[in-house]
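Participant: Sending over a structure as structure tokens; questions will come in a sec.
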Amino acid sequence: MYRNEPLDKYLKDAADGTPTPGGGSVAALVGALATTMSSMSANFTVGKEKFKHYDSQLKKILGECEKSRETLLSLMEEDIKVYSGITNAYGLPKSTDAEKNKRSEEIQKATITAMEVPFKTTMCCLYVLEQTRELVDIANPNLISDVGVAGFLAEAAFQCAKLNVDINLATIKNQGLVEKTQNELCHAEKKAKTFFKEIQDKVQKTIKG
């Protein structure tokens, strides 16, 4: 969909008075941008004589960042697609009790599906933060600000995606699913904040010498 279109088209469509691309899609895009800065920092380090003892570790991080970028770009587009499911569900007829019940069921199904996409985005962004945390200790110091940017973007993407999970959870009636998802998110957020703080502390320490 948007991946092969000009960036300007995505930005214009996101800014227009249309439901998509919305916050969930934008969160995934920001997460993908985070991986680019981690990858760039690793690419400027791998193969350099001074850092050759980190080569295998750097190559692993590069591979994981590329996988995460692909996942997040897919989620960027998947978020747009699942929203149409909610729109379709709300558009179902509601003249009779049977129609109302059917419509309610379909809205719940569509909302759960719509919640699952940004949830996947949060988990992927957490993984990007974990990889960036590993990178911050071994990256070429000349690229340390870019590692910091990766950290900021991944944390922001995590929080933005979480917000989109939260708003969908608010209308889901399956309390078991709601509580399970909230618990997983709470645990993930604690880890994300820890990784983020460690990344930025190391970045500032390196910058200040």
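Coordinate-derived values only; no laboratory data. A quick note: this is a predicted structure, and the numbers were derived from the prediction, not measured. For neighbour counting, all protein chains shown are included, and Cβ atoms are generated from backbone atoms with ideal geometry for every residue, glycine included.
Participant: Here's a check for you: in segment 1-42, which residue that is among the hydroxyl-bearing types (Ser, Thr, Tyr) and closer than 22 Å to Thr87 by Cβ is surrounded by the most Cβ atoms within 10 Å (Cβ to Cβ)?
Facilitator: That would be Ser25.
Participant: Continuing with this model, one more query. Can you report the number of residues in segment 192-209 which are touching a residue at least 60 places away in the same chain (Cβ under 8 Å) and surrounded by 14 or more Cβ atoms within 10 Å (Cβ to Cβ)?
Facilitator: The number of residues fulfilling the criteria is 8.
Participant: Give the residues of segment 43-61 that are hydrophobic (A, V, I, L, M, F, W, C) and buried (at least 19 other Cβ atoms within 10 Å of the Cβ), sorted by residue number.
Facilitator: Val46, Leu58, Ile61
Participant: Check every one of the helices (runs of 4 or more DSSP H) wholly within segment 1-120 and list those with 2 or more residues that are of a type in the set (S, T, N, Q).
Facilitator: It comes to 23-43, 55-90.
Participant: Still on this structure, I have one more. Looking at Thr87, Thr71, Thr111, which is the one that is more than 20 Å from Phe195 (Cα to Cα), touching a residue at least 24 places away in the same chain (Cβ under 8 Å) and exposed (fewer than 14 other Cβ atoms within 10 Å of the Cβ)? Outline the logic, then answer.
Facilitator: Values: Thr71 fails: exposed (fewer than 14 other Cβ atoms within 10 Å of the Cβ); Thr111 fails: exposed (fewer than 14 other Cβ atoms within 10 Å of the Cβ).
Just a single option satisfies the conditions, and that option is Thr87.
Participant: Also, I was wondering about something else. Filter segment 110-169 down to the residues that are more than 17 Å from the chain's Cα centre (by Cα) and under 30 Å from Ala89 (Cα atoms) and list them by number.
Facilitator: Of everything in segment 110-169, those that are more than 17 Å from the chain's Cα centre (by Cα) and under 30 Å from Ala89 (Cα atoms) turn out to be Ala110, Thr111, Ile112, Leu169.
Participant: Collect the residues in segment 170-189 that are within 17 Å of the chain's Cα centre (by Cα) and either surrounded by 14 or more Cβ atoms within 10 Å (Cβ to Cβ) or under 24 Å from Lys109 (Cβ atoms) (or both), keeping them in residue-number order. Reasoning before the result, please.
Facilitator: Just the residues of segment 170-189 that are within 17 Å of the chain's Cα centre (by Cα), to begin with: 181-182, 184-189.
Answer for segment 170-189, where residues must be within 17 Å of the chain's Cα centre (by Cα) and either surrounded by 14 or more Cβ atoms within 10 Å (Cβ to Cβ) or under 24 Å from Lys109 (Cβ atoms) (or both): Thr181, Gln182, Glu184, Leu185, Ala188, Glu189.
Participant: What are the residues in segment 2-45 that are without any contact (Cβ under 8 Å) to a residue 12 or more places away in the chain and basic (Lys, Arg), if any?
Facilitator: Within segment 2-45, Lys9, Lys12 meet the criteria.
Participant: Next up: Quick check on Leu75: is it touching a Lys or Arg at 6+ places or on another chain (Cβ under 7 Å) and within 19 Å of Leu153 (Cα to Cα)?
Facilitator: Considered against the rule, which asks whether it is touching a Lys or Arg at 6+ places or on another chain (Cβ under 7 Å) and within 19 Å of Leu153 (Cα to Cα), Leu75 comes out as yes.
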